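All remarks here apply to the structure that follows.
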Amino acid sequence: MDLSLFLPPLVACLVIVATHSYLGLHVIAREVIFVDLSLAQMAALGSAVAILAGGQPDSRMALVYALGFTTLGAGVFALTRSDEKGRVPQEAIIGIVYVVASAMAILVADRTPRGGEAIKDILVGSLLWVTWPTIARLAAIYSALGVFHWIMRRRFLTISFQPETALAQGWSVRWWDFLFYLSFGVVITFSVPIAGVLLVFSFLVVPAAIAFQFTRRQGALAAISWLAGTLASAGGLWVSFHYDLPTGPVVVCMFGFLLLGAYVLRRAGRLGH
């Protein structure tokens, strides 16, 4: 195995896992499982609009448009949060945003020279071709967002895991939701072009789902989630390189197998007691 080819995608995966495995805990706790797919599609729509306006797929203009559309999505999700029974569940709003953004992206891509290819690139990603400068930029951005979440951890964790406490203390939950989804959207905007929508969704949800099977303590959740994401990424990349298989789908399948294994392990532990 050529390490010069293997190491860049592995390091890129580890950088993405470090952030996504933590954000996934919030997503599971908030029960907004498909929010990253929706925000990713908003980013794809922004990129398509940028191409229609004359920009290039990998240009700064496309990045600005993608961030602008994910900011719009963050605002929608923050405003539609409701704790009242009988209201439309937020997961339904998230699904509607995803469908509408997908349809609009197709319509916009139909009017651009290579808009369809650009959207396909966003859905599939380019993990195998990631470069060290791209990884360094990703690590710098994620580090800054990590510091932001560390500073705001009390607010974000309380709203995600104990929303009734946040409401009782009179916090402006919608404002804090907007900040959370905005930072979430930035993460998605930078990770999707590298890993693709399917793999990013796996990075976000599967490690957190594995962790929640074994504990509810926040520190342990983060540790198990990060470990699961690291194992799935390294194992999937090794299988992909060893057997010359498509990287993204193999890593996604590895996440699925790891989740299944965690479920069997938890059931066996219960039966053992």
*Of all residues in the range 107-133, which are under 20 Å from Asp36 (Cβ atoms), modelled with pLDDT of 80 or more and part of a helix (DSSP H, G or I)?*
Leu127
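Which ones in the range 88-104 are in a helix (DSSP H, G or I) and either in contact (Cβ under 8 Å) with a residue 12 or more places away in the chain or not aliphatic (A, V, I, L, M) (or both)? Steps first, please.
Let us first name the residues in the range 88-104 that are in a helix (DSSP H, G or I), namely 90-104.
Correct list: Gln90, Glu91, Ile93, Ile94, Gly95, Val97, Tyr98, Ala101, Ser102, Met104.
Filter the range 195-207 down to the residues that are of a type in the set (A, V, I, L, M, F, W, C) and either farther than 19 Å from Gly68 by Cα or without any contact (Cβ under 8 Å) to a residue 12 or more places away in the chain (or both) and list them by number. Step through it out loud before you land on a result.
As a first pass, look at the range 195-207 and keep what is of a type in the set (A, V, I, L, M, F, W, C): 195, 197-201, 203-206.
Once the filter is applied, which keeps residues that are of a type in the set (A, V, I, L, M, F, W, C) and either farther than 19 Å from Gly68 by Cα or without any contact (Cβ under 8 Å) to a residue 12 or more places away in the chain (or both), the range 195-207 yields Ala195, Leu198, Leu199, Val200, Phe201, Phe203, Leu204, Val205, Val206.
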*Please work out which one of (1) surrounded by 19 or more Cβ atoms within 10 Å (Cβ to Cβ); (2) of a type in the set (S, T, N, Q); (3) under 20 Å from Ser225 (Cβ atoms) is the condition Thr158 fails and give its number.*
(1)
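If the requirement is being modelled with pLDDT of 90 or more, among the hydrophobic types (A, V, I, L, M, F, W, C), part of a helix (DSSP H, G or I) and in contact with a Leu (Cβ under 6 Å, 6 or more places away or on another chain), which of these qualifies: Leu10, Leu14? Talk me through it step by step, then tell me what you get.
Values: Leu14 fails: in contact with a Leu (Cβ under 6 Å, 6 or more places away or on another chain).
From the options Leu10, Leu14, the qualifying one is Leu10.
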*Consider Ala109 against the criteria (1) surrounded by fewer than 21 Cβ atoms within 10 Å (Cβ to Cβ); (2) on the phi < 0 side of the Ramachandran plot; (3) not aromatic (Phe, Trp, Tyr): it satisfies all of them except one. Which criterion is unmet?*
(1)
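Considering only the range 152-182, how many residues are closer than 15 Å to Thr19 by Cβ and out of contact with any His (no Cβ under 8 Å at 6 or more places or on another chain)? I'd like the intermediate steps shown before the answer.
So in the range 152-182, the residues closer than 15 Å to Thr19 by Cβ come out as 152-153, 156, 180-182.
Narrowing the set further to residues that are out of contact with any His (no Cβ under 8 Å at 6 or more places or on another chain) leaves 152-153, 181-182.
Within the range 152-182, residues that are closer than 15 Å to Thr19 by Cβ and out of contact with any His (no Cβ under 8 Å at 6 or more places or on another chain) number 4.
Which residues, taken from the range 195-244, are among the charged types (D, E, K, R) and either buried (at least 17 other Cβ atoms within 10 Å of the Cβ) or farther than 21 Å from Val124 by Cα (or both)?
Initial filter on the range 195-244 (among the charged types (D, E, K, R)): 216-217, 244.
Result: Arg216, Arg217.
The values are calculated or read from the model by the stated rules, or taken from the named source; none is laboratory data. Since the structure is predicted, the reported quantities are computational estimates derived from the model, not experimental observations. For neighbour counting, all protein chains shown are included, and Cβ atoms are generated from backbone atoms with ideal geometry for every residue, glycine included.
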